[in-house]
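**Q** Have a look at this one before I ask anything.
Read-outs throughout are calculated quantities, based only on the coordinates presented, and are distinct from any laboratory measurement. Model, not experiment: these values are computed from the prediction. Because the Cβ atoms are built from the backbone with ideal geometry, glycine has one as well, and the counts that use them run over all protein chains shown.
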Amino acid sequence: MRCDKFLNAVNITKRRAVAEDMLEHKVVFINGQAVKKAKEVKVGDIIEIRYLEKTDKFEVLQIPTTKSTPKSKMDEYVKRLQG
């Protein structure tokens, strides 16, 4: 699944446009590399989002098969890591 769609589908971002903007401004990294929105996300990847004051890290546990998932199911798709 494309990175922009993944971030939105698992509720890391509220809207896909927000995910696209973050990717365009190079604040999203997968396995330490700044990525573009078309980058494919795979199980086991570490997604890092570098905000001004903090960094959020997530490990990809599985790829959703639907366009969106309930917020309550977020833990099935990503695991928040200590940043």
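**Q** Could you please find all residues in segment 6-27 being surrounded by 14 or more Cβ atoms within 10 Å (Cβ to Cβ), without any contact (Cβ under 8 Å) to a residue 40 or more places away in the chain and out of contact with any Lys or Arg (no Cβ under 8 Å at 6 or more places or on another chain)? First the steps, then the outcome.
**A** Going through segment 6-27, the residues surrounded by 14 or more Cβ atoms within 10 Å (Cβ to Cβ) turn out to be 6-13, 16, 18-23, 27.
Add one more test, that the residue is without any contact (Cβ under 8 Å) to a residue 40 or more places away in the chain, and what stays is 13, 16, 18-23, 27.
Passing the criteria: THR13, VAL18, ASP21, MET22.
**Q** Out of segment 61-82, which residues are in a loop (DSSP other than H, G, I, E, B) and surrounded by 13 or more Cβ atoms within 10 Å (Cβ to Cβ)? Write out each step before concluding.
**A** The initial filter retains those residues of segment 61-82 that are in a loop (DSSP other than H, G, I, E, B), namely 61-70, 82.
Residues satisfying the conditions are LEU61, ILE63, PRO64, THR69.
**Q** It is to be established whether one or more residues within segment 50-59 are surrounded by 13 or more Cβ atoms within 10 Å (Cβ to Cβ) and part of a loop (DSSP other than H, G, I, E, B).
**A** No, the conditions are met nowhere in segment 50-59.
**Q** Somewhere in segment 33-46, is a residue touching a residue at least 40 places away in the same chain (Cβ under 8 Å) and not aromatic (Phe, Trp, Tyr)?
**A** Going residue by residue through segment 33-46, those that are touching a residue at least 40 places away in the same chain (Cβ under 8 Å) are 41.
Those still in the list that are not aromatic (Phe, Trp, Tyr) too: 41.
Yes: segment 33-46 contains one or more residues that are touching a residue at least 40 places away in the same chain (Cβ under 8 Å) and not aromatic (Phe, Trp, Tyr).
**Q** Among the residues that make up segment 51-59, is at least one of them of a type in the set (A, V, I, L, M) and within 13 Å of the chain's Cα centre (by Cα)? Please lay out each step first, then the result.
**A** First pass over segment 51-59, keeping only residues of a type in the set (A, V, I, L, M): 52.
This time we only want the ones that are within 13 Å of the chain's Cα centre (by Cα), so: none.
The answer is no; no qualifying residue exists.
**Q** Residues that are in a strand (DSSP E or B) and polar (S, T, N, Q): does segment 9-30 have at least one?
**A** Going through segment 9-30, the residues in a strand (DSSP E or B) turn out to be 28-30.
Those left that are additionally polar (S, T, N, Q): none.
Checking segment 9-30: not a single residue is in a strand (DSSP E or B) and polar (S, T, N, Q).
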